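First comes the structure, then the notes that go with it.
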Amino acid sequence: MTESTALDSRLVQWRTRTELQLARQLDLADPGTVRLAEAMRYSTLGGGKRLRPILVYATGSALGAASELLDDAAVAVELIHVYSLVHDDLPAMDDDDLRRGRPTCHKAYDEGTAVLVGDALQALAFEIIAGRDTALLSAAARLQQIQVLAQGIGTAGMAGGQAIDLAAVGRQLSVAALESMHRRKTGALIRASVLLGAIAAGTVGGSEYDALAAYGAELGLAFQIQDDVLDVEGETAALGKTAGTDAARGKPTYPSVHGLAGATQLARLHRDAAVAALDGLGPRAADLVSLADLVVERSH
Ligand code: GRG
């Protein structure tokens, strides 16, 4: 088996594992909240690349952790990601009709339900990593995961980045401000995904932890720049979301600030920085290097 075929089969395994774990955790049986539970499943189980759980599994596996130790973190980061997509699609934010090739949550259900779906998915994510139904990790490791995840999605991370994004519509941002927004909005959760995998594997600090934090941050930025590029170059059908919306909304993006060729080149520079950060991990980091390549080469 070639190296890329071996990675392909691990990606299939990690995606399948993620789907099974998500379905299991979303099997909410409270008869009083049937519509909410159904909308949570609609939003979560309807496709997606599952990049963030894959990063949890790839990082944890690189450091020697069994998949059972990584399941809770993998599910948690995807639930948080889905919450952010559901809220981002609301009329008060990006007002999108299409997500993952289907009507957005507030279109398929209603706005109030979509707000609650995001709220409940976020709460469920933290309940799971706190040890909802397993306690395979030590309490100290789970607490550290909770801290890392909370920092990744709060004012210093995703929500803060989204606030800068909302305030920037119709304005041009400086190069530094654009980078700072992207690092928070998208990069911080991707960085947290890598770190949650590391913590589950027992890497809770030190030079390898710092190296993985740098890898995750650079990878997150490369991912978001490629997302901006695809919004210009991509097709709605392949993306599963409406292409061209950034420009239509007057959003500052990497292509609008650096041009398309400049943005593509910058995505590759951040990919290179991500890979360089992994130097000290040696061959154990092979999958993480390949994932960095996939992130900048992706077409959806
Ligand atoms: C609502 C607090 C709050 C934050 C929203 C992440 C985010 C902030 C908004 C998502 C909108 C968006 C298109 C961001 C650009 C990058 C990104 C996160 C794209 C979607 O992620 P993918 O490509 O999606 O991994 P799939 O569907 O494959 O999971």
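At a 10 Å Cβ-Cβ cut-off, how would you order Ile190, Ile128, Ile80, fewest neighbours first?
Ile128, Ile80, Ile190
Grab the beta carbon distance between Val169 and Val115, set R0 = 25 Å, and tell me the FRET efficiency rounded to 0.05.
Plugging the Cβ-Cβ distance into 1/(1 + (r/R0)^6) gives 0.75.
State, to one decimal in nm, how far the label point of Arg10 lies from the label point of Lys107, with both points 7 Å from Cα in the Cβ direction.
3.7
Hey, what do the phi angles of segment 198-208 turn into as Karplus ³J(HN,Hα) couplings, whole Hz, using 6.51/-1.76/1.60 and θ = phi - 60°, x for Gly and Pro?
5, 5, 4, 8, x, 8, 10, x, x, 5, 5
Let me have the 222 nm mean residue ellipticity of the chain computed from DSSP H runs of 4+ only, each contributing -39500 (n - 2.57), with the sum over all residues rounded to the nearest 500.
My calculation for the chain gives -22000 deg cm²/dmol from helical runs alone.
How would you rank 247-254, 179-186, 165-172, highest first, on the average number of other Cβ atoms within 10 Å across their residues?
Averaged packing, sorted descending, gives the order 179-186, 247-254, 165-172.
Under the 0.36 nm per residue contour assumption, what length would be gained going from the current alpha-carbon distance of Ala159 and Val204 to full extension?
13.7 nm
Just to confirm a number: summing +1 for Lys and Arg and -1 for Asp and Glu over residues other than Ala62 whose beta-carbon lies under 14 angstrom from that of Ala62, what do you get?
After counting each charged neighbour, the total is -1.
Throughout, read-outs are computed from the coordinates displayed, never taken from laboratory work. Keep in mind that this is a model prediction, so the values were computed, not measured. Methodologically, a virtual Cβ is constructed for each residue, glycine included, from the backbone with ideal geometry; neighbour enumeration extends over all protein chains shown.
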